[in-house]
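The values are calculated or read from the model by the stated rules, or taken from the named source; none is laboratory data. The structure presented is a predicted model; accordingly, all values stated were derived computationally and were not measured. FYI the Cβ positions are ideal-geometry reconstructions off the backbone, even for glycines, and counts take in every protein chain you see.
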Ligand code: HEC
């Protein structure tokens, strides 16, 4: 059922299911366990992004949870990286990672959304 909803969501056919898709326990465990492959990036991720992006209650799109990222990715990776850099609603500018470059923010966003360049 969840897979079906995610597939329909990805196809843009079931927009209501995209507004508040709830991650199950397995998705939450996966979000807590996932790390970027690059150790320097993993350190930045653990220092900042993980505090919100591995927590269902934060309102942040969950790391590795496609139903949270698919609708956002429609805006394009550049728009997402702009929001990560400058802040967006409850998302603080640079995700509170003051020494993250735009390239780091892009790589972290690609990792969290599991887009092909960082997917493992
Ligand atoms: C204090 C909590 C917090 C931290 C720390 C945080 N985020 Fe977020 N992030 C959020 C929230 C909340 C949202 C959802 C904002 C919304 O759509 O209202 C979000 C959304 C995003 C988005 C999607 C923006 C969009 O256009 O939909 C990206 C990309 C992102 N964060 C990247 C990062 C990165 C990279 C880091 C670490 C460097 C990070 N965040 C750290 C809370 C956080």
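Counting only helices (runs of 4 or more DSSP H) wholly contained in region 18-58, the ones carrying 2 or more residues that are farther than 24 Å from residue 106 by Cβ occupy 25-33. The set of residues in region 67-119 being assigned to a helix (DSSP H, G or I), more than 13 Å from the chain's Cα centre (by Cα) and crowded, with 17+ Cβ neighbours inside 10 Å consists of 85, 94, 104.
Please tell me if residue 96 is within 22 Å of residue 23 (Cα to Cα) and near the ligand (Cβ under 9 Å from one of its atoms). No.
The residue that is nearest to residue 27 (Cα to Cα), among those in region 38-65 that are more than 9 Å from the ligand (Cβ to nearest atom) and modelled with pLDDT under 95, is 56.
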